[in-house]
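> Sharing a structure with you now.
FYI, it's all coordinate maths here, none of it is from the lab. Model, not experiment: these values are computed from the prediction. Methodologically, a virtual Cβ is constructed for each residue, glycine included, from the backbone with ideal geometry; neighbour enumeration extends over all protein chains shown.
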Amino acid sequence: MSRHTETPYGHDPQGRPYSNKSKIVAGVLQILLGFLGAGRFYVGSVGIGIAQLLTFGGLGLWALIDGILFLVSHDRTDRAGRILRG
């Protein structure tokens, strides 16, 4: 099986497969709706999403920082361990 068939979104420069999830969508969701854990639920991090939901995103601070990190980090992954697309 070819590499393209296995990962339709390609690979990053280190050869790690890209996710079908976007880090921009995750970051914006986290900044706007992080008190509900929206960005974390989007990438499949259900446990952290529930923790953010129960703490209102760490009273907004955790959600804001998490959202910014989604936007600027190049190594955030989805539930399957694939790198979020830019």
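> Amide H neighbours of Lys21 under 5 Å, at least 5 residues apart or on other chains, H built in the peptide plane: list them.
Arg85
> Now for a different question. Using unit Cβ charges (K, R positive; D, E negative) and no other charged atoms, how large, in debye to the nearest 20, is the dipole of the stretch 19-79 about its Cα centre? Each step should come with its number before you reach the end.
Details: 5 positive and 3 negative charges, 21 e Å.
That gives the stretch 19-79 a dipole magnitude of about 100 debye.
> Next question, about the same structure. P(r) for the chain: what percent of alpha-carbon pairs falls in each 10 Å bin, starting at zero?
In order of increasing distance, the bins hold 22, 46, 22, 9, 1 percent.
> What's the local net charge at Arg76, with K and R +1, D and E -1, over the other residues with C-beta under 12 Å away? Could you put the intermediate results ahead of the total?
Working: positive: Arg16, Lys21, Lys23, Arg40, Arg79, Arg82, Arg85; negative: Asp12, Asp66, Asp75, Asp78.
Result for the local shell: +3.
> To continue, here is another question. If r is the Cβ-Cβ distance from Asn20 to Leu59 and R0 is 41 Å, what FRET efficiency results, to the nearest 0.05? Mind dumping the intermediate values first?
Details: r = 32 Å, r/R0 = 0.77.
Once the sixth-power term is evaluated, E becomes 0.85.
> Can I ask one more? Can you compute the modelled spin-label distance between Asp12 and Ile48, with each label point 7 Å from Cα toward Cβ, in nm?
Output for this residue pair reads 1.3 nm.
> Quick check: net charge around Leu53, other residues with Cβ under 14 Å of its Cβ, Lys/Arg +1 and Asp/Glu -1?
Details: positive: Arg40; negative: Asp66.
So the surrounding residues net to 0.
> How large is the helix-only mean residue ellipticity at 222 nm for the chain, computed as the sum of -39500 (n - 2.57) over DSSP H runs with n ≥ 4, divided by its residue count, in deg cm²/dmol to the nearest 500? Write down the numbers at each step before the final one.
Working: 6 runs with 46 residues, N = 86.
Result for the chain: -14000 deg cm²/dmol, rounded to the nearest 500.
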